[in-house]
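One structure below.
The values are calculated or read from the model by the stated rules, or taken from the named source; none is laboratory data. Note that the structure is predicted; figures quoted are calculated from it, not measured. Note that we place each Cβ from the backbone using ideal geometry, even for glycine, and neighbour counts take in every protein chain shown. Ligands, DNA and RNA are excluded from the accessible area calculation, which covers all protein heavy atoms including side chains. Shrake-Rupley method; radii C 1.70, N 1.55, O 1.52, S 1.80 Å.
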Amino acid sequence: MTFCLADATSMRLLAARLDEAAEEITRLQGASVAVGLPITAAPELAHYEGPLRNLVEWCHSSAAEIRRRAAVAAQADLIGWSPSGENAAYDALTMAAAGELDEQLAAFDALGANGDMATFFAGLAPGQALGVALARAAQVGARAGVPFELRFAANRQLVRQALAEAVRVGDKAAATRYTRLLDPDRQLLLFDPRDLGKIAEVKGDLSTAEHVAVFVPGTGNNLANYLGRAEGTLQTIHGAAAGLSARTATILWMGSPLPQSLGAAFDLQADRGAPELRDFVDNLRLAPGVHTTLIGHSYGSVVTGHAVKAGLHPDNLIAVASPGWGVDSADELKAPATKLFAMRHQGDIIKIVPTAEDTLGILVPLPDSVAGHGEDPVYMSGVERLSSGSEAHLVIGIDMDAHSDYFGGSEAGRLAGLNLARVIVGDDYETYEEARAAL
């Protein structure tokens, strides 16, 4: 049965009435049996027993189907219809709610976790593809093989859902955050508001990019502070790289929880996040020949190092202000074709921060897989140290602001960011030794 109601409220009301009708039939049957006069006891009514049972089942199954459609219609309500704006997403969801995409949705569900998403969506008309992506946003937003534009649309829908929930519970800070994430120019490849949250945002055109950089931020970053911290770094890195090559795309990835404080001394969260980062980058399915750069700042570099050990092989791997990649030598990364770089300001406090092995390990023996992050990448053989713009500073001494100053801000931060951009697009970059020799 196809229901053509378009609004969620009417659908839910109809579903409730059908359930009430089924319950009333069941109640009357039960009451008649209780008093010894079953409705179908008389011979002339006996043939109604089967139809009554079928009617009850029909009412319940139809109510369940209508509620499923109402859930899709509610997603259309989150978008709303604009008399003067773009209504493609709204129309696609309304079409799905009316049952016009039942065949396509059933085919999508039948694909399962390992289905060929690229082939599936390539076989749909644009409106059908959008309707399926929005109606199944939770399954599409982070799915490999789904066209990027459909993933962006699905994740926007997930943000709308999070916004509606924030408004419902009165969380004004979250509502403001999600409203900003709905800006039309946002391109999200991942969004999950639960716990510390997950997000992956793209700047640039992934479908035409010749250079793609993936950036992983460090300790203390989460979805709640994304717009005030990591997002600015994404904009700075992309702006510098795109200024050198227009065919550049930059992705900020926070797809697994990062340490919020003392957990940064341990490898556990890097171990957990590494396969997720590896799968995320692999699932982008970039065209052959695209030049890829993986950048990790602070604890983010630990995550990138573990991801490379887990099988992710970018063209470049850059550690910025790193406590270590989780290895004692470049060979342990098992990525001989990946070019290795490290960058650190002269006064960055990271150079004197002790590892968990150096502290807790004195009292309790800790395995290498838990304690510490291995050798400092700036001193590791096989790693090229990049100029950070701070080479004129004294080697001794600590600058408490230096650890976060690689992506603009001070003059040194601007130079550091520009040097990173040169690596991303394959331009000539400046090494630490070259910068020191030029003093």
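Tell me the accessible surface of Ser62 in square angstrom (1.4 angstrom probe, heavy atoms of protein chains only), to the nearest ten.
10
In deg cm²/dmol and to the nearest 500, what is the mean residue ellipticity at 222 nm of the chain if only DSSP H runs of at least 4 residues count, each as -39500 (n - 2.57), divided by the residue total?
Details: 15 runs with 200 residues, N = 439.
-14500 deg cm²/dmol, from helical runs alone.
Among Leu196, Leu340, Leu234, determine the one that fluctuates most according to a GNM of the chain built with springs between C-alpha atoms less than 10 Å apart.
Leu196
Can you give the accessible area per residue of the stretch 288-340, in Å², using a 1.4 Å probe?
Details: 1690 Å² over 53 residues.
Per residue, the stretch 288-340 has an accessible area of 32 Å².
Relative to the longest principal axis of the C-alpha atoms of the chain, give the angle of the C-alpha long axis of helix 88-97, reported between 0 and 90° and rounded to the nearest 10°.
The answer is roughly 40 degrees.
I need the shape label for the stretch 305-351. Rule: rounded when a/c is under 1.5, else prolate if a/b > b/c, else oblate, with a, b, c from the alpha carbon gyration tensor. All intermediate terms of the calculation are to be shown ahead of the outcome.
Details: a/c = 2.57, a/b = 1.90, b/c = 1.35.
The shape class here is prolate.
Would you mind checking the stretch 50-89 for residues with the amide N under 19 Å from a putative spin-label position 7 Å along Cα→C-beta of Asp7?
Only 66-84 fall inside the zone, counting backbone N under 19 Å.
Principal axes first, then extents: for the Cα atoms of the chain, list largest minus smallest coordinate on each axis, whole Å, largest first.
105, 56, 41
Binned at 5 Å from 0, what are the whole-percent values of the Cα-Cα distance distribution for the stretch 118-172, short to long?
Result returned by the calculation: 4, 22, 27, 18, 11, 8, 5, 3, 1.
Would you look at the GNM of the chain, springs on alpha carbons closer than 10 Å, and say which of Ser82, Ser301, Ser322 moves the most?
In this elastic network of the chain, the residue with the biggest mean-square fluctuation among Ser82, Ser301, Ser322 is Ser82.
Compute the angle between helix 148-169 and the longest alpha-carbon principal axis of the chain, please, reported from 0 to 90 degrees and rounded to the nearest 10.
The angle comes out at about 70 degrees.
Which order do you get for Lys203, Lys339 if you rank them by accessible area with a 1.4 Å probe, largest at the top? All intermediate terms of the calculation are to be shown ahead of the outcome.
Values: Lys203 35, Lys339 100 Å².
Correct descending sequence by accessible area is Lys339, Lys203.
What figure in square angstrom, to the nearest 10, would you give for the accessible area of Arg12 with a 1.4 Å probe?
Around 120 Å² of this residue is reachable by solvent.
Cut-off under 28 Å on the C-alpha distance; same-chain residues fewer than 8 positions from Lys172 excluded. Which lysines are left, in chain and number order?
Excluding near neighbours in sequence, the set is Lys198, Lys203.
Leaving out ligands, DNA and RNA, and with a 1.4 Å probe, what % of the accessible surface on the chain is carbon or sulfur? Please list the in-between numbers first.
Values: 11570 of 20650 Å².
On the chain, the fraction of accessible area on carbon and sulfur atoms equals 56 percent.
What do you reckon, how do Ser61, Ser329, Ser387 stack up by accessible area (1.4 Å probe), largest on top? The partial results should precede the final answer.
Working: Ser61 65, Ser329 40, Ser387 5 Å².
I get Ser61, Ser329, Ser387, largest accessible area first.
Against the longest principal axis of the chain, how steep is helix 172-181, in degrees 0 to 90 to the nearest 10, with axes from Cα atoms?
80
Order the following by accessible area, largest value first: Thr9, Thr219, Thr304. Probe radius 1.4 Å; ligands, DNA and RNA are ignored.
Highest to lowest solvent-accessible surface, that is Thr9, Thr219, Thr304.
Can you tell me the length gained on complete extension of the stretch Glu86 to Arg285, counting 0.36 nm per residue apart and subtracting the Cα distance?
On the way: separation 199, 0.36 × 199 = 71.64 nm, distance 2.95 nm.
Extra length available between Glu86 and Arg285 comes to 68.7 nm.
Project the alpha carbons of the stretch 180-313 onto their principal axes and report the range along each, largest first, in whole Å.
40, 35, 23
Can you give the accessible area of Phe152 in Å² (nearest 10), computed on protein heavy atoms with a 1.4 Å probe?
Answer for Phe152: close to 20 Å² accessible.
Given the options Leu13, Leu189, Leu333, which has the most mean-square fluctuation in a GNM of the chain, springs set between C-alpha atoms less than 10 angstrom apart?
Leu13
Can you tell me, using C-alpha contacts under 8 Å and at least 6 residues apart, the relative contact order of the chain as a whole percent? Don't jump to the answer; show the numbers that get you there.
Numbers: 776 pairs, mean separation 44.1, N = 439.
Relative contact order here is 10 percent.
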